[in-house]
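Before any comments, here is the structure.
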Amino acid sequence: MSRIISPEEVAKHNQKSDIWVIIHGKVYDLTQFLPDHPGGQKIIMKYAGKDATKAFEPIHPPDIVERFLAPEVCMGSIDLEKLSHVKVEETEEDKQVRLAREKMPRLEEMYNSFDFESKLYSHT
């Protein structure tokens, strides 16, 4: 059975020499993986000791953890009840990203060059 880990325990592991992150309800020790992360160390360090799921999902395919991380780095499952009570502070950078995404037009509102070409050639 998987060990249940509190958010407080995960938060203690937030240094380069000892990094735990939460991804999809699982707690991973990324200390050894840090130097090899293709996206660089900075992003992992940003989420050291925290839940990285929201940052992780849009960038990684669903099976990436199983493909690239050894099973031993999974320390257990996060206590979801306690995690739901953890207040997440929005950084200024996160706020800027959120606001930019909110202002971004929906895909169906965008035009591409094909839209202009089809109108141009349909009138000749």
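Nothing in this text is a laboratory measurement; each read-out follows from the coordinates by a stated rule. Just so you know, these numbers come straight off a predicted model, no measurement behind them. We place every Cβ from the backbone using ideal geometry, glycine too, and count neighbours over all the protein chains shown.
Tell me, Leu30, Leu83 in order of fewest to most beta-carbon neighbours within 10 Å?
Leu83, Leu30
On each of the three principal axes of the Cα atoms of the chain, give max minus min coordinate, whole Å, ordered largest first.
Sorted from largest, the Cα extents of the chain read 69, 31, 28 Å.
Run the simple label-point estimate for Glu102 and Arg67 please: 7 Å along Cα→C-beta, distance reported in nm.
Reported label-point gap for Glu102 and Arg67 is 3.5 nm.
When the helix-only estimate is applied to the chain (DSSP H runs of n ≥ 4, each -39,500 (n - 2.57), divided by the residue count), what is the mean residue ellipticity at 222 nm, nearest 500 deg cm²/dmol?
Roughly -9000 deg cm²/dmol at 222 nm, from the helical runs in the chain.
For Val27, which sequence-distant residues (separation of 5 or more, or a different chain) have an amide H within less than 5 Å of its own amide H, given hydrogens modelled in the peptide plane?
Met75, Gly76, Ser77, Ile78
So what are the ³J(HN,Hα) numbers for the range 48-54, from phi and the Karplus equation (6.51, -1.76, 1.60; θ = phi - 60°), rounded to whole Hz, Gly and Pro as x?
4, x, 9, 7, 9, 4, 5
Skipping prolines and chain starts, which residues have an amide H placed within reach, meaning under 5 Å, of the one on Asp51, given they are 5 or more residues away or on another chain?
Close amide H contacts, sequence-distant or interchain: Ile22.
Would you kindly derive the ³J(HN,Hα) couplings of the range 91-104 from the backbone phi angles with the Karplus curve 6.51 cos²θ - 1.76 cosθ + 1.60 (θ = phi - 60°), listing them in order in whole Hz, with x for Gly and Pro?
6, 4, 4, 4, 5, 4, 5, 4, 5, 5, 5, 5, 7, 5
Name the chymotrypsin sites (Phe, Trp or Tyr not before Pro) in the range 17-124 that are in a loop by DSSP and that have at most 12 other C-beta atoms within 10 Å, would you?
Here the chymotrypsin sites (Phe, Trp or Tyr not before Pro) that fit, given the DSSP loop and packing criteria, are Tyr111.
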